[in-house]
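The values are calculated or read from the model by the stated rules, or taken from the named source; none is laboratory data. A quick note: this is a predicted structure, and the numbers were derived from the prediction, not measured. In this analysis, Cβ positions are derived from the backbone assuming ideal geometry, glycine residues included, and neighbour counts consider all displayed protein chains. Side chains are part of the model used for accessible areas, which takes the heavy atoms of the whole protein and leaves out ligands, DNA and RNA. Shrake-Rupley method; radii C 1.70, N 1.55, O 1.52, S 1.80 Å.
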Amino acid sequence: MSAISGRALHYVFKIGDRAKNAFFFRQILGMKVLRHEEFKEGCDAACNGPYDNRWSKTMVGYGPESSHFVIELTYNYGVSSYEMGNDFGGVTIHSKDILSRAAEHSYPVTQVAGKAGSLLTSPDGYKFYVIDQPSASSDPVQSVELNVSNLQKSRKYWHDLLKLKVLEESEASLRLSYGEQQASLEITQIAEPINRAKAYGRIAFAIPAAEQPPLHEAVKAAGGAILTPLITLDTPGKATVTVVILGDPDGHEICFVDEEGFGQLSQVESDGEQRLDTYIQKDPFQQK
């Protein structure tokens, strides 16, 4: 198929303690709650993982998802932790404020050999590399890193099949994007076998609805993994979206949602912060 008009949206983290995560993402990273949603049962596209129970979705970031790459915090009621694998590399953020906030709250900051920036780790073990300088763009989130077992095989998948443009390339890593003014995807080859364990996440992109069927067929024709065929998802009281969920050669999950529906669904909610705090306070599984 021809070029894809894609836009990077968010990455999904499964979290075990909403209160600790609310503190980390708001008070340390300085993100805002963009919207908060509660669900009574599992998602048809396994948005909350392989769980058919009550769960919540909290979108956090530095601005609207229409112009910023954000984080989706998925919380399954009654699940307090997830086994962490080696599939997720980290999120890189440019900011002059995060490290000072970390110091103010005595939050641990470490240095990692070969990595730019200072490492902060979320309560569930997800890595954030902070470059202590202002962002050159309006979005402080610069890139998301995924680890892979074979860089050339991943290049063929992400570039040749999914049509992301190659921005930078080295022997061990690849940086790609659908557009230079959005957060990039960094693919890094590691020596160990990829283990996605239980904490595995999902990266999401928006594309025009008209481009979803051709993408679905191209991946099918190439023998790629289609985890959820093109499906319609309803959110009560909100816009309906269509999604297709794919799996790359290492099992990384990729969601392609229609730009038209998601643009409506992802509107910032003025009461998102308050709703998150309310549900944290009355959570029967996390009452102190």
Residue 220 surrounded by fewer than 16 Cβ atoms within 10 Å (Cβ to Cβ) and either of a type in the set (Val, Ile, Thr) or out of contact with any helix residue (DSSP H, G or I) (no Cβ under 6 Å at 6 or more places or on another chain) (or both): yes
Residue match in region 281-288 (condition: within 20 Å of the chain's Cα centre (by Cα) and either over 21 Å from residue 146 (Cα atoms) or small (Gly, Ala, Ser) (or both)): no
Number of positions in region 255-282 that are closer than 25 Å to residue 30 by Cβ and acidic (Asp, Glu): 4
Filter result for the condition that a residue is open to solvent by 70 Å² or more (accessible area, probe 1.4 Å), under 21 Å from the mean Cα position of the chain (by Cα), in contact (Cβ under 8 Å) with a residue 40 or more places away in the chain and under 29 Å from residue 2 (Cβ atoms), over 189, 212: 189
Matching residues, region 105-134, being touching a residue at least 60 places away in the same chain (Cβ under 8 Å) and open to solvent by 50 Å² or more (accessible area, probe 1.4 Å): 105, 123
Number of the exception - residue 40 against (1) modelled with pLDDT of 95 or more; (2) within 17 Å of residue 56 (Cβ to Cβ); (3) exposed (fewer than 15 other Cβ atoms within 10 Å of the Cβ): (1)
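In this structure, does residue 16 turn out to be closer than 17 Å to residue 283 by Cβ, over 15 Å from the mean Cα position of the chain (by Cα) and either open to solvent by 30 Å² or more (accessible area, probe 1.4 Å) or at pLDDT 95 or above (or both)?
So residue 16 fits the description; yes.
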Region 142-171: number of residues that are open to solvent by 30 Å² or more (accessible area, probe 1.4 Å) and either at pLDDT below 95 or not aliphatic (A, V, I, L, M) (or both): 15
Leading residue by the ranking (least open to solvent (accessible area, probe 1.4 Å)) among those in region 66-92 that are within 14 Å of residue 17 (Cα to Cα) and among the aliphatic types (A, V, I, L, M): 73
Unique match (being in contact with a helix residue (DSSP H, G or I) (Cβ under 6 Å, 6 or more places away or on another chain) and closer than 21 Å to residue 48 by Cα) among 248, 277, 283, 234: 248
Residue within region 107-127 that is assigned to a strand (DSSP E or B) and hydrophobic (A, V, I, L, M, F, W, C) present: yes
Flag for residue 251 being at positive phi and in contact (Cβ under 8 Å) with a residue 24 or more places away in the chain: yes
Residues being closer than 16 Å to residue 184 by Cα, part of a loop (DSSP other than H, G, I, E, B) and out of contact with any His (no Cβ under 8 Å at 6 or more places or on another chain) - total across region 128-142: 1
